[in-house]
Amino acid sequence: MMRIARQAGDMIVQARQQQNFTRQYKGGDELVTEVDVAVDQMIADELESLFPGEARLTEELAPDRSQLEQRGSLWIVDPIDGTVNFAYGHAHVAISIAWAVDGEVHLGVVHAPFLGETFTAVRGQGAQLNEQPMACSQSKTLERSLVATGFPYARDRRAPLIRRLNHVLHACRDVRRNGSAALDLCHVGCGQLDAYYESVLPWDFAAGLLIAREAGASTSHLYACPEGLPAELYGENLLVSAPGIHAPLANLLRDADAGQRFDAGHAPNP
Ligand code: IPD
Ligand code: CA
Ligand code: CA
Ligand code: CA
């Protein structure tokens, strides 16, 4: 998986140097480039040759989330997490590859080619940054905590998040919006952030969630997912943080929501 992620990273770096990739929009506001699709295809081809016939859930080529309801092996891939950063020349861009069995993630790789960071984790065996062990921060108070988040592409779905942001900004040290959910999760894992919350989809968070958890972070979904579905991968409204601030931050976010629940896949209009 590390080899494939680094190969994808090389494609992304080269494409940025050439700067002649086409850009399109899906769902109205979401930018997608031909590089997103090409990297998704390359990873699919590699996985198919190594693990023929195994199911894949990938953002650009196979985004059908009903695959999460099947038992067995599932590869979950975000070919470029941080497409907007990629297109604008920012460094927070990552390839995320996870392997899940029966709805639980067992392996995760997040590779950030412009940062020179490769995060890996195996369930129950800890997490690594560039093959060195890593650990999350030990922050114990919200007022001394740096918190990251993100926002959906659809502008009419942002109002509930502005309420959350208002609460968090009043309670915490500061807020970051770095533009790659997978990296935000890994950066909680290595202590560059104390917490991260957002409503994101399985390809955004599958690998990073395992990496953060294996680095000692507390991970949860703020609201239970429908019964019978795999909670680890299906739940939305992710919260990942240093263990000492998890409960107060969860309470703060639920207070901000005050009944106005917001999910990435099916958000109510404010
Ligand atoms: C996005 C990034 C961003 C997050 C969005 C995601 P994409 O993924 O992870 O940080 O705020 O919610 O959709 O579209 O760049 O792969
Ligand atoms: Ca996208
Ligand atoms: Ca993503
Ligand atoms: Ca993506």
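The values are calculated or read from the model by the stated rules, or taken from the named source; none is laboratory data. Computed from a predicted structure; not experimentally measured. Cβ atoms come from the backbone with ideal geometry, glycine included; neighbour counts cover every protein chain shown. We work out accessible area using only protein heavy atoms, side chains counted, and drop any ligands, DNA or RNA first. Shrake-Rupley method; radii C 1.70, N 1.55, O 1.52, S 1.80 Å.
Worth a mention:
- Some residue of the range 22-32 being surrounded by 15 or more Cβ atoms within 10 Å (Cβ to Cβ) and more than 16 Å from ligand 3 (Cβ to nearest atom): no
- Residues of the range 62-90 classified as of a type outside the set (A, V, I, L, M, F, W, C), assigned to a helix (DSSP H, G or I) and either free of Cβ contacts under 8 Å to residues at least 24 places away in the same chain or in contact with a strand residue (DSSP E or B) (Cβ under 6 Å, 6 or more places away or on another chain) (or both), total: 4
- Count of the range 1-14 residues, restricted to those that are more than 21 Å from the chain's Cα centre (by Cα) and either among the small types (Gly, Ala, Ser) or crowded, with 16+ Cβ neighbours inside 10 Å (or both), is 0.
- Any hit, the range 100-123, residues being free of Cβ contacts under 8 Å to residues at least 12 places away in the same chain and within 16 Å of ligand 4 (Cβ to nearest atom): no
- Pairs linking a residue in the range 202-231 that is more than 30 Å from Glu131 (Cα to Cα) to a residue that is modelled with pLDDT under 95 and aromatic (Phe, Trp, Tyr), with Cβ atoms under 6 Å and 6 or more positions apart or on different chains, are Cys225/Tyr234.
- Checking each residue in the range 49-64 for being among the charged types (D, E, K, R) and open to solvent by less than 40 Å² (accessible area, probe 1.4 Å) picks out Glu59, Glu60.
- Which numbered condition Gln17 fails, given (1) open to solvent by 70 Å² or more (accessible area, probe 1.4 Å); (2) without any contact (Cβ under 8 Å) to a residue 40 or more places away in the chain; (3) within 15 Å of ligand 3 (Cβ to nearest atom): (3)
- Within the range 66-87, the only residue that satisfies the criterion of being open to solvent by 40 Å² or more (accessible area, probe 1.4 Å) and within 14 Å of ligand 2 (Cβ to nearest atom) is Val84.
- Residue in the range 209-222 that is open to solvent by less than 10 Å² (accessible area, probe 1.4 Å) and of a type in the set (Val, Ile, Thr) present: yes
- Considering the range 153-174, the residues that are more than 17 Å from Asn237 (Cβ to Cβ) and of a type in the set (A, V, I, L, M, F, W, C) include one that is farthest from ligand 1 (Cβ to nearest atom), namely Ala171.
- The criterion of at least 2 residues that are surrounded by 18 or more Cβ atoms within 10 Å (Cβ to Cβ) and not basic (Lys, Arg) is met, among strands (runs of 3 or more DSSP E) falling completely within the range 91-208, by 94-101, 104-112, 117-122, 127-129, 146-149, 195-198.
- Subset of the range 226-257 (residues that are surrounded by 15 or more Cβ atoms within 10 Å (Cβ to Cβ) and among the small types (Gly, Ala, Ser)): Ala231, Gly235, Ser241, Ala242, Gly244, Ala250, Ala256
- Index of the failed condition, Ala44 passing every other in (1) small (Gly, Ala, Ser); (2) buried (at least 18 other Cβ atoms within 10 Å of the Cβ); (3) not in a helix (DSSP H, G or I): (3)
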